[in-house]
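Engineer: Pasting a structure below so you can have a look.
The values are calculated or read from the model by the stated rules, or taken from the named source; none is laboratory data. In this text the structure is predicted, and so the values were computed from the model without any measurement. Note: ideal-geometry Cβ built from the backbone for every residue, glycine included; neighbour counts use all protein chains shown.
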Amino acid sequence: MATTLSEAYRNHPLNLHHIIPLDFSSIRTLPDSHAWSQSNDSDNNFSYNESLSIPIIDLIDPHAMEQIGFACEKWGVFQLKNHGIPLSVIEEVEVESKKLFSLPAEEKLKALRSPGGATGYGRARISPFFPKFMWHEGFTFMGSSDDAKKIWPKDYERFCDAMENYQNQMKVLSEKLTHMILTFLGINNSSQENKWVGSTNHIGAIQLNFYPCCPEPNRAMGLAPHTDTSFLTILHQTLTNGLQIFKDGSGWVPINPNPNTLVVNIGDILHIMSNARFHCALHRVVVNKTKQRYSMAYFYGPPIDYVISPIVINCVVPRFHALTVKEYISIKAKNLGGALSLITTT
Ligand SMILES: C=C1C[C@]23C[C@@]1(O)CC[C@H]2[C@@]12CCC[C@@](C)(C(=O)O1)[C@H]2[C@@H]3C(=O)O
Ligand SMILES: O=C(O)CCC(=O)C(=O)O
Ligand SMILES: [Fe+2]
């Protein structure tokens, strides 16, 4: 890959040396540094209603493409079954992730992400936009064994093999979904918008997330509200609830784990390319008093020098200015949720 994600982050260093408390498991009362002023308790009284359930789509259904397209328009997120990822690949990455996060803090900090870097252990990139810390630890993997070697100099292979297998499987699934989505949007497989799909010149990153048990979950935040920057994100979550997406008029809607089902959500890049026809779902994670939670996200998208522009036909007015992935990452690094409105044409 000639141009990498690290290159895009280099100009937006992030001070990571604030993972407080360093050992979540020993904390009995919520430290002020992690106490969010607004309790998320009141948002949690969501009452189930059929029209507010996130669609579950069967990838081998002959109508899967239309169902995916409609889910992207209405929700920006869907659950996927019969996705073809072997259970053993998912289980391995879960085992290795649990092994990583259960290490003492000083071991994990050996792989602390550097301020301008893209991979390694640390807090979420969105952290500086919020006044309080999140009840969360993360680890980003992008194909290299360097970070794992810092933690396990002689014994890194099992971890890296699990990540690589997961990444390879997720890439294939992402390509399949991308072809379906672009076809739904009326783009043919050989057109310019499709060139990066299936090539080695793409961005593919794994983010391992860990949400320890929290003494006061209603005053804490696992992962603050955000949209993903990706074209699409595929997420495996363990069996603890916590993920929620924001739906106008309804508030925070849970996406509770379903066995053998992955969560797919639309990121900013596809939102722009679809000329805002597809929703990019604002989502967050709430934490739990007695259950730990893990999730493994795969972010997929075009390379950083790719020009993102709305795909419009006939006289439809593009709602966003064209810009490279790198330029968008740079705008988002400074403005987070305000990034999309800064590139609108009106
Ligand atoms: C490819 C990526 C997407 C991500 C930034 C990253 O380089 C790796 C971490 C990803 C993550 C995970 C938690 C939420 C998020 C907004 C963040 O702070 O780090 C996403 C980033 C993103 O979508 O921009
Ligand atoms: O943990 C989750 O369920 C969501 C994680 C997430 O939103 C992310 O990694 O971007
Ligand atoms: Fe996310």
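Engineer: Given the conditions (1) touching a Pro at 6+ places or on another chain (Cβ under 8 Å); (2) touching a residue at least 40 places away in the same chain (Cβ under 8 Å); (3) away from ligand 3 (no atom under 15 Å from the Cβ), which single one is not true for Phe231?
Structural biologist: The failed condition is (3).
Engineer: Further question on the same structure: Can we say Arg293 is in contact with a helix residue (DSSP H, G or I) (Cβ under 9 Å, 6 or more places away or on another chain), in contact (Cβ under 8 Å) with a residue 12 or more places away in the chain and at negative phi?
Structural biologist: On the way: in contact with a helix residue (DSSP H, G or I) (Cβ under 9 Å, 6 or more places away or on another chain): no; in contact (Cβ under 8 Å) with a residue 12 or more places away in the chain: yes; at negative phi: yes.
Answer is no for this residue.
Engineer: Considering only residues that are hydrophobic (A, V, I, L, M, F, W, C), farther than 20 Å from Glu7 by Cα and surrounded by fewer than 21 Cβ atoms within 10 Å (Cβ to Cβ), look in segment 290-319 and name the one that is farthest from ligand 1 (Cβ to nearest atom). Lay out the reasoning, then the answer.
Structural biologist: Let us first name the residues in segment 290-319 that are hydrophobic (A, V, I, L, M, F, W, C), namely 296-297, 299, 304, 307-308, 311-313, 315-317.
After this cut, where a residue has to be farther than 20 Å from Glu7 by Cα as well, the list is 296-297, 311-313, 315-317.
Still in the list and also surrounded by fewer than 21 Cβ atoms within 10 Å (Cβ to Cβ): 311-313, 315-317.
Details: Ile311: 21, Val312: 25, Ile313: 28, Cys315: 33, Val316: 27, Val317: 27 Å.
Ranking the qualifying residues of segment 290-319, first place goes to Cys315.
Engineer: Among the residues of segment 220-275 satisfying the criterion of being in a strand (DSSP E or B) and within 18 Å of Leu182 (Cα to Cα), which is farthest from ligand 1 (Cβ to nearest atom)?
Structural biologist: Just the residues of segment 220-275 that are in a strand (DSSP E or B), to begin with: 223-226, 232-237, 243-247, 251-254, 262-266.
In the following step, the residues that additionally are within 18 Å of Leu182 (Cα to Cα) were identified as 232-234, 264-266.
Numbers: Leu232: 11, Thr233: 7, Ile234: 12, Val264: 14, Asn265: 10, Ile266: 12 Å.
Among them, the one singled out is Val264.
Engineer: For Ile245, indicate whether it is at pLDDT below 95, touching a strand residue (DSSP E or B) at 6+ places or on another chain (Cβ under 6 Å) and within 16 Å of ligand 3 (Cβ to nearest atom). Give the steps one after another, and end with the answer.
Structural biologist: Details: at pLDDT below 95: no; touching a strand residue (DSSP E or B) at 6+ places or on another chain (Cβ under 6 Å): yes; within 16 Å of ligand 3 (Cβ to nearest atom): yes.
So Ile245 fails the test.
Engineer: Starting from segment 318-329, take each residue that is assigned to a strand (DSSP E or B) and list its partners that are among the aromatic types (Phe, Trp, Tyr), counting only C-beta distances under 8 angstrom and pairs at least six apart or across chains.
Structural biologist: Matching pairs, first to second residue: Thr324/Tyr306.
Engineer: Quick check on segment 195-212: of everything there that is over 30 Å from Trp135 (Cα atoms) and out of contact with any helix residue (DSSP H, G or I) (no Cβ under 6 Å at 6 or more places or on another chain), which residue is nearest to ligand 1 (Cβ to nearest atom)? Reasoning before the result, please.
Structural biologist: We begin by selecting, within segment 195-212, every residue over 30 Å from Trp135 (Cα atoms); these are 195-202.
Next, from what is left, pick out any that are out of contact with any helix residue (DSSP H, G or I) (no Cβ under 6 Å at 6 or more places or on another chain): 195-196, 199-202.
Numbers: Lys195: 20, Trp196: 15, Ser199: 17, Thr200: 16, Asn201: 15, His202: 11 Å.
This residue is His202.
Engineer: Taking the conditions exactly as written (within 16 Å of ligand 2 (Cβ to nearest atom), more than 11 Å from Thr233 (Cβ to Cβ) and surrounded by fewer than 21 Cβ atoms within 10 Å (Cβ to Cβ)), does Lys326 satisfy them or not?
Structural biologist: In short, no.
Engineer: Also: For residues that are within 17 Å of Glu157 (Cα to Cα) and surrounded by fewer than 14 Cβ atoms within 10 Å (Cβ to Cβ), tally how many sit in segment 100-112.
Structural biologist: The number of residues fulfilling the criteria is 0.
Engineer: Is there a residue in segment 184-197 that is at pLDDT 95 or above and either of a type in the set (Val, Ile, Thr) or part of a loop (DSSP other than H, G, I, E, B) (or both)?
Structural biologist: no
Engineer: Then there is this: Conditions: (1) at pLDDT below 80; (2) surrounded by 11 or more Cβ atoms within 10 Å (Cβ to Cβ); (3) closer than 20 Å to Val253 by Cβ. Gln67 meets all but one. Number of the miss?
Structural biologist: Tallying (1) at pLDDT below 80; (2) surrounded by 11 or more Cβ atoms within 10 Å (Cβ to Cβ); (3) closer than 20 Å to Val253 by Cβ, Gln67 fails exactly one: (1).
Engineer: Looking only at residues that are within 16 Å of the chain's Cα centre (by Cα) and among the hydrophobic types (A, V, I, L, M, F, W, C) in segment 200-220, which one is farthest from ligand 2 (Cβ to nearest atom)?
Structural biologist: Ile203
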